[in-house]
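Worksheet: the structure to be examined is printed underneath.
The values are calculated or read from the model by the stated rules, or taken from the named source; none is laboratory data. This one's a predicted model, so the numbers in the text were calculated from it and none came from an experiment. Glycine gets a Cβ as well: all are built from the backbone with ideal geometry, and neighbour counts include every protein chain shown. Side chains are part of the model used for accessible areas, which takes the heavy atoms of the whole protein and leaves out ligands, DNA and RNA. Shrake-Rupley method; radii C 1.70, N 1.55, O 1.52, S 1.80 Å.
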Amino acid sequence: ALAQDAKPLIEISGADTRLEENIRALLSVSDERCTTELRRLNRLLPQVSRDIERAAQALGYYRLDQNNQFTKTGNCWELSIQVIPGAPVLFGDINIQVVPDSTRTLAQNDPFVALMSDLPVRTGNQLNHSEYENLKSSLSAIAVENGYFAARFSRSELLVDVDSNRAGVEIEFDPGVRFRFGKISITPIEALSQQFITRFLPFEAGEPYSTEMLIELRESLNNSLYFSEVAVTPQLNASQAINATGVREVPVNIDLSMRPRRSWSTGLGVTTDIGPRVTLAHEDRYLNRSGHRLSSDIALSPLDQRGNLTYNIPLSEPSTESLSFSTGYVGQDNDTFIADTFKLGVSYRSNVDPWLLGQDWLQNIFVNYQRERSEINDVREQSNLTITGINWTKTVADDPIYPTQGWRLFTQVSGASNALLSDMSFVQLYASGKYIKSIGTGRFLIRSELATSIVGGIEDLPVSIRYFTGGDQSVRGY
């Protein structure tokens, strides 16, 4: 190899992987050039020893023995490091006080409770200085994120007893007074009322300060589809303000820019099932200052014609709760059946935490009336149905538009009764799932559907609500 391509070689023996990595990371001699004379390198041996000692003690090895030697070979130098780590120091007594008065205890909803119940340092574990520092950093971070801006460490000590191979932790952390949200100022917007925008707030003035609440507010406003730009800014430089009751407050400014009121989109496509297709969609994002929406779409092809109109009313929690009224038409003429279906419906959407399904599911309760005329196997039928149902959806993805990691689950129960504006009775169960995982430059995708109809005779069901295999999103059935 050429001299300019040569690199120093550092060989370490006797150390486990973690200790070896730490030694290599802290060795300052690794920056020395290959042309450095052996005489200078030997003068650096004391520094090498100190670097190794520091790297070892950071991981709890306070009894480490070492033997180091420089040699010149070829166009560069080599360093041989031999270590005997010895028995590591273990964490012993851990005493952490997060309140000024040791007779007090943390409330169940206190932001420090989660950390205190799962500490990164535990009695009997090998000493790791970074875990101790991470503990202190976590306490400070929780304090800042939850409005304890005057928090301080009254005492923070890591007491290492090399003779007994034990390290004690003594921390007294005084959070101080928790600041609260002060005045919430929202930039006036002509298109939407202040009263409506205020409904997106997950907190009110006077509530305990929380960075998490600010993030939730920003995400809620971003996801509402009303705004092109959202800026939620706590006025920390004004956090010394004291209200009439003597509580320190942090004012919050909310600056918003509206998206265009109307949106149009169109598309052209072709599939082997329905031939060429043209689509047209229109959305009025804010019909009035209360945030009501109107959307419509049309899809036309030789075998399938569809049209829908939906009016959406945001409710008390507009980011997750709404009431929708819809109407639509579906006309189908294919090798299997001919059908014309007219629909009217109302649905209520909200976020729920079903006991069996976990948290943050989108729930939709609906009632749809449909009138259908169909022909299948030369048999003509007409039906009137009032279908009531409920479904739950949850999506977890790293990107809402083109996810490379995530999953989606959907489940629904629906049915009708001939005792309630319907020509027949039935119950349908449906579930679907989708999983995506990135593989190299591509994606692995798996999708599954499961459904069943509980009815006296399957041939009695209108074709629009029967389950047929096939289509561009399904495997053909035979």
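Working note: Karplus 6.51/-1.76/1.60 with θ = phi - 60° gives the stretch 393-408 the couplings 9, 9, 10, 10, 8, 7, 8, x, 9, 10, x, 10, 8, x, 7, 9 Hz, where Gly and Pro are set to x. Restricting attention to the stretch 126-281, close to 85% of DSSP beta bridges with both partner residues there are antiparallel. With N as its number of residues, the stretch 373-477 has a Cα radius of gyration that, divided by 2.2 N^0.38 Å, comes to 1.38. Rolling a 1.4 angstrom probe over the protein heavy atoms with all chains in place gives the chain an accessible area of 58 Å² per residue.
Reported to the nearest whole Å, the Cα centre-to-centre distance from the stretch 396-462 to the stretch 52-85 is 61. For the chain, relative contact order (Cα pairs under 8 Å, six or more residues apart, normalised by length) works out to 7 percent.
Here MET116 sits with roughly 60 square angstrom of accessible surface, probe radius 1.4 Å. Taking Lys and Arg as +1 and Asp and Glu as -1, the other residues whose beta-carbon sits under 10 Å from that of TRP407 total +4.
Computed over the chain, the quotient of the alpha carbon radius of gyration and 2.2 N^0.38 Å is 1.46. Taking 0.36 nm per residue of sequence separation and removing the Cα-Cα distance, the GLU21/GLU219 pair yields an extension gain of 67.3 nm. Atom-type composition of the exposed protein surface of the chain places 51 percent of the accessible area on carbon and sulfur (1.4 angstrom probe).
Net length available on complete extension from LYS136 to VAL247 is 37.3 nm, with 0.36 nm assigned per residue and the Cα-Cα distance removed. If you plug the beta carbon distance of THR279 and GLU145 into 1/(1 + (r/R0)^6) with R0 = 41 Å, you get a FRET efficiency near 0.35.
Take the Cβ atoms of THR211 and ASN384, set R0 to 60 Å, and the FRET efficiency comes out at 0.65. Computing FRET efficiency as 1/(1 + (r/R0)^6) for MET116 and THR187, where r is the C-beta to C-beta distance and R0 is 35 Å, gives about 0.30. For the stretch 165-175, backbone phi angles converted through the Karplus equation (6.51, -1.76, 1.60; θ = phi - 60°) give residue-by-residue couplings of 6, 10, 10, x, 10, 10, 10, 10, 10, 9, x Hz, Gly and Pro being listed as x.
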